[in-house]
1. Looking at segment 105-134 only, could you name the residues that are crowded, with 24+ Cβ neighbours inside 10 Å and under 29 Å from G35 (Cα atoms)?
2. Identify all residues within segment 152-175 that are over 16 Å from V93 (Cα atoms) and open to solvent by less than 20 Å² (accessible area, probe 1.4 Å); write none if there are none.
3. Looking at (1) at pLDDT 95 or above; (2) buried (at least 16 other Cβ atoms within 10 Å of the Cβ), which is the only condition A184 fails?
4. Let me confirm something: among E178, E100, E149, which residue is loosely packed, with under 14 Cβ neighbours inside 10 Å and either under 25 Å from R33 (Cα atoms) or of a type in the set (D, E, K, R) (or both)?
5. Test E90 against the criterion of being open to solvent by 60 Å² or more (accessible area, probe 1.4 Å) and at positive phi, and give yes or no.
6. Looking at segment 129-142, can you tell me whether even one residue there is at pLDDT below 95, under 25 Å from A31 (Cβ atoms) and of a type in the set (A, V, I, L, M, F, W, C)?
7. Against the definition (under 10 Å from the mean Cα position of the chain (by Cα), of a type in the set (A, V, I, L, M, F, W, C) and assigned to a helix (DSSP H, G or I)), how does A164 come out, yes or no?
8. Scanning for something open to solvent by 70 Å² or more (accessible area, probe 1.4 Å) and either within 18 Å of A140 (Cβ to Cβ) or of a type in the set (G, A, S) (or both), does segment 71-84 turn up at least one residue?
Amino acid sequence: MTPDVAGLAATAAVAELERRVIDAAVALGRALRAGGWMVATAESCTGGMVARALTEIGGSSEWFERGFVTYSNAAKIDLLGVSAATLQAEGAVSEAVAREMAEGALDHSRSQLALAITGIAGPGGAVPGKPVGTVCFGWAAIERVPRTETMHFVGDRAAVRAQAALHALRRAGEWLSEPDFALALDPKS
C-alpha cells in the first residue's frame with residue numbers, strides 16, 4: 001500500500017470508529033433517559049471526546065450532566081479531587097487514578113453515573129510497563145462499587161482515542177443493563 005492509500009485507509013477506519021462512538025452514546029443515552037439518570041465524564045487522553053459524542057445527540061441535556069477534561073495532574077487534583085499521593089505512587093495512567101477520577105466526577109456533579117478515561121494516546125508518552133495505547137478506565141455510580149479496567153489499543157493517536165471513547169461508553173451501557181442496575185433504573189421500583 002502506498003503512503004497515500006494507507007493514510008486514507010487509516011482515516012476511514014477512524015471515521016468508522018467515530019460513528020460507532022456516536023452509536024454507543026445513543027445507546028447509553030437511551031438507558032439513562034429510561035431510568036431518569038444523568039452521567040458525567042472525566043477525560044484525560046480523550047480530551048472531551050466522550051462528552052462531545054454524548055452532546056451530539058439532541059435532547060442529551062436530559063441525561064448528560066457535565067464533563068471534566070482533566071489533562072494535567074493538577075487538573076485531576078483540583079477539579080476531581082484525585083489524590084496527589086495516588087498520582088505519585090501509581091502514575092496518571094493507572095486504574096487507581098481512573099477510579100478516583102470517576103468517583104470525583106460523581107462527587108462533583110449531580111450525576112448518578114460517571115465514567116473516566118486516562119491513558120497514553122501517543123505518539124510519545126510511553127513509560128516502562130505502559131506502552132502507547134495503554135488506557136485505564138473507571139466507572140462509578142451511586143450506591144455501587146466502582147469498576148476499573150485497563151486496555152491496550154493499537155493504532156495512531158486518533159485511533160487510540162476513538163477506541164478508548166467507544167470502550168468507555170459501551171462498558172457504561174453494559175453496566176447499566178446488568179440486573180441490579182435494571183432494578184435501580186426502573187422508575188416503577
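1. A105, L106, L113, A114, L115, A116, I117, T118
2. A159, A162, L166, L169, A172, W175
3. The failed condition is (1).
4. Criteria check complete, one pass: E178.
5. So E90 does not fit the description; no.
6. So far as segment 129-142 goes, yes, one or more of its residues are at pLDDT below 95, under 25 Å from A31 (Cβ atoms) and of a type in the set (A, V, I, L, M, F, W, C).
7. It is true that A164 is under 10 Å from the mean Cα position of the chain (by Cα), of a type in the set (A, V, I, L, M, F, W, C) and assigned to a helix (DSSP H, G or I).
8. Yes, segment 71-84 contains a residue that is open to solvent by 70 Å² or more (accessible area, probe 1.4 Å) and either within 18 Å of A140 (Cβ to Cβ) or of a type in the set (G, A, S) (or both).
The values are calculated or read from the model by the stated rules, or taken from the named source; none is laboratory data. All values derive from a computational prediction rather than experimental measurement. Backbone-built Cβ (ideal geometry, glycine too); neighbour counts: all protein chains shown. Accessible surface areas use protein heavy atoms only, side chains included; no ligands, DNA or RNA. Shrake-Rupley method; radii C 1.70, N 1.55, O 1.52, S 1.80 Å.
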